[in-house]
1. So, of the residues in the stretch 162-174 that are modelled with pLDDT of 95 or more and part of a loop (DSSP other than H, G, I, E, B), which turns out to be farthest from TRP188 (Cα to Cα)?
2. Residues ARG145, ARG136: which one is modelled with pLDDT of 95 or more, within 23 Å of ASP18 (Cα to Cα) and among the basic types (Lys, Arg)?
3. Here are ARG145, ARG136, ARG156: which of them is on the phi > 0 side of the Ramachandran plot and either touching a helix residue (DSSP H, G or I) at 6+ places or on another chain (Cβ under 9 Å) or surrounded by fewer than 22 Cβ atoms within 10 Å (Cβ to Cβ) (or both)?
4. How many residues, within the stretch 172-187, are surrounded by fewer than 24 Cβ atoms within 10 Å (Cβ to Cβ) and in contact with a Gly (Cβ under 6 Å, 6 or more places away or on another chain)?
5. Applying the selection to the stretch 20-41, what residues are touching a residue at least 40 places away in the same chain (Cβ under 8 Å) and surrounded by 20 or more Cβ atoms within 10 Å (Cβ to Cβ)?
6. Count, please, the residues in the stretch 127-175 that happen to be in contact (Cβ under 8 Å) with a residue 12 or more places away in the chain and either of a type in the set (A, V, I, L, M, F, W, C) or over 28 Å from ARG90 (Cβ atoms) (or both).
7. In the stretch 1-24, how many are of a type in the set (A, V, I, L, M, F, W, C) and not in a helix (DSSP H, G or I)?
8. Need pairs with beta-carbon distance below 8 Å; first residue on the phi > 0 side of the Ramachandran plot and surrounded by 13 or more Cβ atoms within 10 Å (Cβ to Cβ) and within the stretch 104-122, second hydrophobic (A, V, I, L, M, F, W, C) and not in a loop (DSSP other than H, G, I, E, B); sequence gap 6+ or separate chains.
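The values are calculated or read from the model by the stated rules, or taken from the named source; none is laboratory data. Just so we're clear, the structure is a prediction, and the values are computed from it rather than from any experiment. Cβ placement follows ideal geometry from the backbone for every residue including glycine, while neighbour counts extend to all protein chains displayed.
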Amino acid sequence: MNVLIAGATGHTGRRLLDEVLARGHHPIALVRESSDTDDLPDAVELRRGDLTDLPADVCRGCDAVVFAAGSGSSTGPEMTDAVDRDGAIRLVDLAESEGVDRFVMLSSFGAGDPDPDSSIGHYLQAKHDADEHLQRSSLDYAILRPVRLTDDDGNREVIVGEAVNPDGTAARGDVAALLAHALEEPDWVGAVLRMQSA
């Protein structure tokens, strides 16, 4: 598969590139002009685009799309809306218009029912809106909602579903492995899963 990855140079996206390559697929990294791509594998194709202003043909030739991007914890509400909500929604629409087979969304625990009083309430609402838009689309989708992320690689032992502990953690390596798994598995179509590392 040709897999477009938004957020490919991020902490989770970089691991996802390796997972996609290991499964024999062709990763296409969506990168800004200012992105540092020096450490990306040679086999990764680069496609220029900014989530705040995506070109209409960004999904052309892609079989699948993974949204693993984020505005970052140091940005304000406007950038959160521009990237995590509007950028994701625009990418869903462009994937749909290009006939992409599958869209995998990296969301967040709590996005299903955002708590406005939470310290990350605005972020969760943005993720919620993007998730809802994906679910209303005609795309085959999977949505992964991990608990608090760590920069660990993990051991690929995970808990998914209702048994997830809200106070647990999710290793980025485990998250990347599940995102890649969701690209291939028929059982993941239409799935919205909470997740933590065991």
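1. As a first pass, look at the stretch 162-174 and keep what is modelled with pLDDT of 95 or more: 163-174.
Now narrow it down to the ones that are part of a loop (DSSP other than H, G, I, E, B): 163-168.
Details: ALA163: 18, VAL164: 18, ASN165: 21, PRO166: 22, ASP167: 25, GLY168: 23 Å.
By that ranking, first place goes to ASP167.
2. Just a single option satisfies the conditions, and that option is ARG145.
3. Numbers: ARG145 fails: on the phi > 0 side of the Ramachandran plot; ARG136 fails: on the phi > 0 side of the Ramachandran plot.
Going through ARG145, ARG136, ARG156 in turn, just one is on the phi > 0 side of the Ramachandran plot and either touching a helix residue (DSSP H, G or I) at 6+ places or on another chain (Cβ under 9 Å) or surrounded by fewer than 22 Cβ atoms within 10 Å (Cβ to Cβ) (or both): ARG156.
4. Counting residues in the stretch 172-187 that are surrounded by fewer than 24 Cβ atoms within 10 Å (Cβ to Cβ) and in contact with a Gly (Cβ under 6 Å, 6 or more places away or on another chain) gives 1.
5. Listed by number, the list holds a single entry, VAL20.
6. Keep residues of the stretch 127-175 that are in contact (Cβ under 8 Å) with a residue 12 or more places away in the chain, which gives 127-131, 133-135, 137-162, 164-175.
If we keep only those that are either of a type in the set (A, V, I, L, M, F, W, C) or over 28 Å from ARG90 (Cβ atoms) (or both) too, we end up with 130, 134, 139, 142-144, 147, 149-162, 164-171, 173-175.
Going through the stretch 127-175 one residue at a time, the tally reaches 32.
7. Quick first cut of the stretch 1-24, residues of a type in the set (A, V, I, L, M, F, W, C) only: 1, 3-6, 8, 16-17, 20-22.
Adding the requirement that they be not in a helix (DSSP H, G or I) leaves 1, 3-6, 8.
Total meeting the criteria: 6.
8. So the pair list comes out as GLY110/LEU124.
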